[in-house]
1. Mind checking whether some residue in the stretch 194-203 is at pLDDT below 95 and surrounded by 13 or more Cβ atoms within 10 Å (Cβ to Cβ)?
2. Report the residue count in the stretch 161-180 for those that are in a loop (DSSP other than H, G, I, E, B) and closer than 23 Å to residue 194 by Cβ.
3. If we keep just the residues of the stretch 233-260 that are farther than 15 Å from residue 39 by Cα and assigned to a loop (DSSP other than H, G, I, E, B), which is nearest to the chain's Cα centre (by Cα)?
4. With 80, 72 as the choices, which residue is surrounded by fewer than 20 Cβ atoms within 10 Å (Cβ to Cβ) and touching a helix residue (DSSP H, G or I) at 6+ places or on another chain (Cβ under 8 Å)?
5. Just one of the numbered conditions (1) in contact with a strand residue (DSSP E or B) (Cβ under 7 Å, 6 or more places away or on another chain); (2) part of a loop (DSSP other than H, G, I, E, B); (3) under 21 Å from residue 121 (Cα atoms) is not true of residue 276; which one?
6. Can you tell me which of (1) within 17 Å of the chain's Cα centre (by Cα); (2) more than 18 Å from residue 137 (Cβ to Cβ); (3) part of a loop (DSSP other than H, G, I, E, B) is the one residue 193 doesn't meet?
7. Can you tell me which condition residue 101 does not meet? The list is (1) modelled with pLDDT of 95 or more; (2) under 30 Å from residue 183 (Cα atoms); (3) within 18 Å of the chain's Cα centre (by Cα), and all the others hold.
8. Residue under question is residue 59, and the condition is that it be within 28 Å of residue 256 (Cβ to Cβ), crowded, with 18+ Cβ neighbours inside 10 Å and over 17 Å from the mean Cα position of the chain (by Cα); does it hold?
């Protein structure tokens, strides 16, 4: 779906403010981070946001993310709320969000999630060391991916899959049945999140030559070698210098193919919310410009 241009621009300004604070906190506390995914495409192709996109994706090693979370809770809690399943057991997504207080941003897929103050956000992904042994690395990846999908199924019956056609329909029939059972027995995402963190971080105290976020559509989508990731490089993004993987273009090509080619309108995706509210305003946008008092 498409945003009203004025609304999207206001959303972009607020998200850039969240990013600026995040970069400052990381610099002051010597925390390593980088942007990636669609934010990388935006930097290379547009020197900023993909025009229809509505979020910024950054990543850091799990240890640094835990330090960042503590800093935000201690020093930034007047302005920001950190969301993850450690802090909100009913939060069903295996990532962390830094959200603006007094804002609302509820994605359609999360509109039934309760007791989580979903707001305008910066997505922060935890990367982990990949096991050196290839067989162990596969077990680590698939196990972490599985527990992440189980987390999501506590709230979302039809998760994103790498499959298409009949296979996708069959798998979604199974996921819908699992979702119904989890809801029937009131299973918390936290049950699966504990298992996810254990498997994902199993090798974080050991040397590694690969680093990964395992909970994308495929468990291997976001795996970087040391040479692909470091040293990080700065690229212009909406008038500021943002850090990206060293071999960003190579990783984008693997993920997206010809990422410099604009996709057709029907394939331009964003996180268009079911409900949206900006800080300091009373109006709540419901679906496009309908408002709810």
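1. Filtering the stretch 194-203 down to residues at pLDDT below 95 leaves none.
Within the stretch 194-203 (the criterion being at pLDDT below 95 and surrounded by 13 or more Cβ atoms within 10 Å (Cβ to Cβ)), the answer is no, since none of the residues qualifies.
2. Let us first name the residues in the stretch 161-180 that are in a loop (DSSP other than H, G, I, E, B), namely 161-164.
Pick out the ones that are also closer than 23 Å to residue 194 by Cβ and you get none.
Total meeting the criteria: 0.
3. We begin by selecting, within the stretch 233-260, every residue farther than 15 Å from residue 39 by Cα; these are 254, 257-258.
Adding the requirement that they be assigned to a loop (DSSP other than H, G, I, E, B) leaves 257-258.
On the way: 257: 21, 258: 23 Å.
So the residue we want is 257.
4. Numbers: 80 fails: surrounded by fewer than 20 Cβ atoms within 10 Å (Cβ to Cβ).
Exactly one residue qualifies, and that residue is 72.
5. It is condition (2) that residue 276 fails.
6. Result: residue 193 passes all but (3).
7. (3)
8. no
The values are calculated or read from the model by the stated rules, or taken from the named source; none is laboratory data. Note that this is a predicted model, so its numbers are computed, not measured. All Cβ positions, even for glycine, are placed from backbone atoms using ideal geometry, and neighbour counts span all protein chains on display.
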